[in-house]
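Student: A single structure is presented below for examination.
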Amino acid sequence: MIGINNLTIQFSGTELFSDISFMVDKRDSIGLAGKNGAGKSTLLKAIIGEIEAEKGIISKPSGITIGYLPQQMIYSDTKNVYDETKSTFEEINSIEIKINKINESISIRNDYESSDYLNEVQLLSEANERFAILGGNDIESKIEQTLIGLGFKKTDFIRPTKEFSGGWRMRIELAKILLKESNILLLDEPTNHLDIESIQWLEDFLINYKGAIVLISHDKTFLDKITKRTVEIVLGKIYDYKAAYSKYLVLREERKQQQLAAYENQQKVINDTKKFIERFRYKATKAVQVQSRIKQLEKLDIIEIDDEDFSSLHFKFPPAPRSGTIVVETENLNKSYGEKKILNNINIIIERGEKVAFVGQNGEGKTTLARVIVNELDFTGKLKLGHNVQIGYFAQNQDELLNPNKTVFQTLDDIAVGDVRLKTRSILGSFLFGSDAIDKKVSVLSGGERSRLALAKLLLEPYSLLVLDEPTNHLDIKSKEILKQALNQYDGTLIIISHDRDFLDGLTNKIYEFKNNKIKEHLSGIFEFMQKIKVESLKEIEKKETIKKSARINKSSNNKDLYIRRKEFEKEVRKIRRQIKQAETTIENTEKEIELSNKKLSDTNADYDYELFTNHEKKVESLNKEMEKWEILNETLEKLEHEKEFL
């Protein structure tokens, strides 16, 4: 579908790509791999024509449609969320306007037999037919599903886009791109501004996408789920692997080992050949053989070892000062912005050494609570920090808080105290700021460089509590792994806000889920938690479908039918409640019987009673079955109670 042939691109005289070639086929799902600055984003810009190549051709068939999501873009702020999203359906919107105009014209005419009238009717019929073919009747539900999937609430649909942050406006642009159903999607870090639930929705959407996908992401789990092919960019070259990211890492290592073995074998042959030539160069009897070996060397296709790019973060946090057992404790903590309540009666306890993740949709209060803990926001209720708790804080916009007029070195040197000042250059070096970079002004640094500099500041003094808000947003996969390793080795307490599931996996041992102004504690890993909320989301969808079905039935029924349905409904509810009560009575009696038989069986002075033991086992089995029955009945009752609201 798209062919990249012998592409060469230069920046400031340096080749970013050198004669690279590969194809993107109709149903390809490709992940672009490579460190920051390797040229991944540049390649996408070249494909859509934003950047011209010095050499080579990018061939695209006529009529192909491309949906492109860059990392940064200019937003439109003239409409509300729904209308801005709907604007992506250009032809449908144009036909809809045409249909409305024709309908308006027809409604005021009464010359039903005239040719003009009949012509308008024909035009209306054709427009309606084209509207239906393009899916115009379904766009409302598609827009709603996509916006809700990306984290918007229905109440957001009528809000002006200018009221939203850049991250949320990026979601609107992503929704427009997804709804357009282009032949190929080019997505540059689409998960950067998404929370975990929205990422899961996007995964499901892209897995079932009918076109091709070329994806840049630093989320390993996201890449593994979406892509089936990985194109690696390394120092101007590309390597094409028919595998998702994790498998690609294995294949890449195998390729390097094979390449190294072939290189070593060839070097041995070359050295042996050169020795033969030097030894017999001046012997007339060996002249033919010498000339033959010289020609062999000249024709030899020399194997080169790929230059390895080892630049990545490498550091560890200073030992944490010992704090009290309870590090953070809140009691009925509340936070509002004007009339909008963000946190409502929050009660949490974080103990020394715990590594806690704050997760949930954007806007649910994760950053707000973090800022309350670090004393950046006022609140009502109680917040208690433990004895000797010293906090290191990385804000989500930490890179924006740096002084743009200072150099990289000054940024650290001005706040370093004591012996750590002697380590400033070493700390900067471990965050990829070499001798040629430490004198750069902060104002000229990239977003990734600023984030690395902000992280480096956390190494200037020891902290007993680290509060990190989205620290990985500008880090490549290799650097994220090193940060994760450093945090795993950190012996203090950690609170981390992140949507990167692979980063959180194995790092945190407690999850606080933020939802509807409340916090729910989960003592599980991130993937176990995600599976749970996905199941809950599916149940919620089923409930909504039941609600819609009930609503449709209600709309078409008369009052008598509605009365009968309500009576039947109440009868079913009473029946379920009666069965639950019976089950509870049975459970209570069985538990008493089991307790009694337990006492008899534990009597060491009594003779062994096989019949008593058998009956005990049967009662335990009966109790388990009754408990399962009780759970099913309660789930059924909960569903019925929910449906009752719509009768």
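The values are calculated or read from the model by the stated rules, or taken from the named source; none is laboratory data. Computed from a predicted model, the values in this text were never measured in an experiment. Every residue, glycine among them, receives a Cβ derived from its backbone with ideal geometry; neighbour counts consider all protein chains shown. The area values use the complete protein model at the heavy-atom level, side chains included, leaving out ligands, DNA and RNA. Shrake-Rupley method; radii C 1.70, N 1.55, O 1.52, S 1.80 Å.
Student: Taking amide H atoms as placed 1.01 Å from N in the peptide plane, list the residues 5 or more away in sequence, or in a different chain, whose amide H sits under 5 Å from that of GLU351.
Tutor: The list, which skips near neighbours in sequence, is VAL327.
Student: Right, something else. If I ignore ligands, DNA and RNA and count only protein heavy atoms, how much of PHE613 is accessible to a 1.4 Å probe, in Å² to the nearest 10?
Tutor: 80 Å²
Student: Kindly rank 64-74, 116-126 from highest to lowest mean number of other beta carbons found within 10 Å of each residue.
Tutor: 64-74, 116-126
Student: Mind jotting down the three principal axis lengths of the range 10-98 based on Cα atoms? Whole angstrom, largest first.
Tutor: Sorted largest first, the three principal extents are 50, 29, 24 Å.
Student: Once amide H atoms are placed 1.01 Å from N in the peptide plane, what residues at a sequence separation of 5 or more from VAL389, or on another chain, have their amide H within under 5 Å of its amide H?
Tutor: Here GLY324 satisfy the definition.
Student: Okay, next question. Ignoring ligands and nucleic acids, what accessible area does ARG130 show with a 1.4 Å probe (Å², nearest 10)?
Tutor: Only protein atoms counted, so the area is about 100 Å².
Student: Taking only DSSP H segments of four or more residues, each worth -39500 (n - 2.57), what value at 222 nm results for the chain once the sum is divided by all its residues, to the nearest 500 deg cm²/dmol?
Tutor: Calculated at 222 nm, the ellipticity per residue is -15500 deg cm²/dmol.
Student: Cα extents of the range 167-296 along the three principal axes, largest first, in whole Å?
Tutor: Cα extents, longest axis first: 80, 24, 24 Å.
Student: Additional query: Over all alpha-carbon pairs of the range 63-219, lay out the pair-distance distribution in 10 Å bins, whole %, shortest bin first.
Tutor: Each 10 Å bin holds this share of Cα pairs: 10, 34, 29, 15, 9, 3, 0.
Student: So, by mean Cβ neighbours within 10 angstrom, what's the order for 199-206, 453-460 with the highest one leading?
Tutor: Ranking, from highest mean packing down: 453-460, 199-206.
Student: Please list, in order along the range 372-386, the HN-Hα scalar couplings obtained from phi with the Karplus expression 6.51 cos²θ - 1.76 cosθ + 1.60 (θ = phi - 60°), rounded to whole Hz, x for Gly and Pro.
Tutor: 5, 4, 8, 6, 9, 10, 7, 6, 10, x, 10, 9, 10, 9, x
Student: Let me ask another. What order, most packed first, do the peptides 582-594, 172-184, 212-224 have when packing is the mean number of other Cβ atoms within 10 Å of each residue?
Tutor: Packing order, densest peptide first, comes out as 212-224, 172-184, 582-594.
Student: If you don't mind, another one. May I ask what percent, to the nearest 5, of DSSP beta bridges between residues of the chain are antiparallel?
Tutor: About 50 percent, rounded to the nearest 5.
Student: Show log10 I(q)/I(0) for the chain at q = 0.08 Å⁻¹, two decimals, from a solvent-free Debye sum over equal Cα scatterers.
Tutor: Per q value, in the given order, log10 I(q)/I(0) is -0.85.
Student: What shape does the range 389-471 have by the C-alpha gyration tensor, where a ≥ b ≥ c are the square roots of the eigenvalues, rounded means a/c under 1.5, and otherwise prolate means a/b greater than b/c and oblate the rest?
Tutor: Since a/c reaches 1.5 but b/c is at least a/b, the shape of the range 389-471 is classed as oblate.
Student: Can you give me the long-range amide H partners of ILE342? Hydrogens built in the peptide plane at 1.01 Å from N, cutoff under 5 Å, separation of 5 or more residues or another chain.
Tutor: HN-HN under 5 Å from ILE342: LYS335, SER336, TYR337.
Student: Not counting ligands, DNA or RNA, and with a 1.4 Å probe, what is LYS55's accessible surface area in Å² rounded to the nearest 10?
Tutor: 110 Å²
Student: Moving to a separate point now. What ³J(HN,Hα) values, in whole Hz, does the Karplus curve 6.51 cos²θ - 1.76 cosθ + 1.60 give for the range 265-275 when θ = phi - 60°, with x put for Gly and Pro?
Tutor: Using θ = phi - 60°, the values come out as 5, 5, 4, 5, 4, 4, 5, 4, 5, 5, 4 Hz.
Student: Which whole-Hz couplings ³J(HN,Hα) result when phi for each residue of the range 99-112 is put into the Karplus expression 6.51 cos²θ - 1.76 cosθ + 1.60, θ = phi - 60°, listed in order with x for Gly and Pro?
Tutor: Once θ is set to phi - 60°, the couplings for the range 99-112 become 4, 4, 5, 5, 4, 5, 5, 5, 5, 9, 9, 9, 8, 4 Hz.
Student: Still on this structure, I have one more. Ignoring ligands, DNA and RNA, what percent of the 1.4 Å accessible area of the chain is carbon and sulfur?
Tutor: So the carbon and sulfur contribution to the accessible surface is 48 percent.
Student: What is the Cα radius of gyration of the range 225-336 over 2.2 N^0.38 Å, N being its residue count?
Tutor: 2.15
Student: On to the next question. Determine the relative contact order of the chain: mean sequence separation of Cα pairs under 8 Å and six or more apart, normalised by residue count, in whole percent. Working shown, then result.
Tutor: On the way: 923 pairs, mean separation 79.1, N = 647.
Averaging sequence separation for qualifying contacts and normalising by length gives 12 percent for the chain.
Student: Leaving out ligands and nucleic acids, note down the accessible area per residue over the chain with a 1.4 angstrom probe, in whole Å². If you can, show how the numbers build up before the last one.
Tutor: Values: 36260 Å² over 647 residues.
Ligands and nucleic acids excluded, the figure is 56 Å² per residue.
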